[in-house]
1. Working out 0.36 nm times the residue gap between D121 and K210, then minus their Cα-Cα distance, what length gain in nm do you get to one decimal?
2. Amide H of L203 versus every other amide H placed in the peptide plane: which residues, excluding those fewer than 5 positions away on the same chain, fall under 5 Å?
3. Each residue of segment 116-130 in order: what ³J(HN,Hα) in whole Hz does its phi give by Karplus 6.51 cos²θ - 1.76 cosθ + 1.60, θ = phi - 60°, with x for Gly and Pro?
4. Given a 1.4 Å probe and heavy atoms of the protein chains only, how would you sort K176, K108, K80, largest accessible area at the top?
5. Quick one: which of 210-216, 222-228 comes out on top by average Cβ neighbours within 10 Å, and what's the full order, highest first?
6. Give me a comma-separated list of calculated 3J(HN,Hα) values for segment 216-230, in order, Karplus coefficients 6.51, -1.76, 1.60 applied at θ = phi - 60°, integers in Hz, x for any Gly or Pro.
7. In straight Cα distance, which lysines are under 21 Å from K68, not counting same-chain residues fewer than 8 positions off?
8. Residues with amide H under 5 Å of E156's amide H, sequence separation 5 or more or different chain, H placed in the peptide plane at 1.01 Å from N; which?
Amino acid sequence: MAAARHLRSGLPLLRVHLAASESASVAQGSRGFSSQVAKPTGKQVKVPEALYGGTGNYASALFLTAAKTNTLDKVESEIKTVVEASKKSPLFSQFIKDLSVPKETRVKAIIEIFGEAGFSDVTKNFLAVLADNGRLKYIERIAERFVDLTMAHKGEVKVVVRTVIPLPEKEEKELKETLQDILGKNKTILVEQKIDYSIMGGLVIEFGQKVFDMSIRTRAKQMEAFLRQPLDM
């Protein structure tokens, strides 16, 4: 990904800021998220579902701003790139978690690094606000909840299927058709298969807050519980 390459090229700047012993002035544009982004289009935009808690509030704010500036897809891609960088770069991971780094240094580093990487103003300024508030360490969870909002906005439903072997193409197709009937034809079903040997066999289907557990492990536990019940003579 081009953005990821640009981000890696900006990591030397991060080293400079981490090594700096003197405080740097906060760059222009770090005063607040809402004052940093492009003016909204004027259309009414609402979050597709209510999210709660600190990470939910940040994700909702980012969604509203990106939607109003018609940059949802770009912002989603950039936020995912940041999370990827936090997982692959120990230095960057340390930076976003280390609150001993002065706030001014964190903000200035974020603005320079992601400006150099060519990120949009919405993403860059959002990350600066997180840095200013000491919330960068929650970026992965915020990103997950932001993606939940963008998927809901596009009518997409992510379905996680856990099996001990890959689901055959025919069975995956049948599963999609069944879920399509349940969720409605206006939804786009996105199936993600995960291998999970702990379920012993069968499958577990998860989407939204729903879990359909048809695993051998669960059936075995249910059978065990049944067999332990006293006989009614």
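The values are calculated or read from the model by the stated rules, or taken from the named source; none is laboratory data. A quick note: this is a predicted structure, and the numbers were derived from the prediction, not measured. With ideal geometry, Cβ positions are generated from the backbone for all residues, glycine too; neighbour counts draw on all protein chains shown. Accessible surface areas use protein heavy atoms only, side chains included; no ligands, DNA or RNA. Shrake-Rupley method; radii C 1.70, N 1.55, O 1.52, S 1.80 Å.
1. 28.4 nm
2. The list, which skips near neighbours in sequence, is M214, S215, I216.
3. Karplus values, whole Hz, x for Gly and Pro: 5, 6, x, 6, 5, 4, 4, 5, 4, 6, 5, 5, 5, 5, 4.
4. K80, K176, K108
5. 210-216, 222-228
6. 5, 4, 5, 4, 5, 5, 5, 5, 4, 4, 5, 5, 7, 5, x
7. Filter leaves K39, K43, K46, K80, K124, K154.
8. T188
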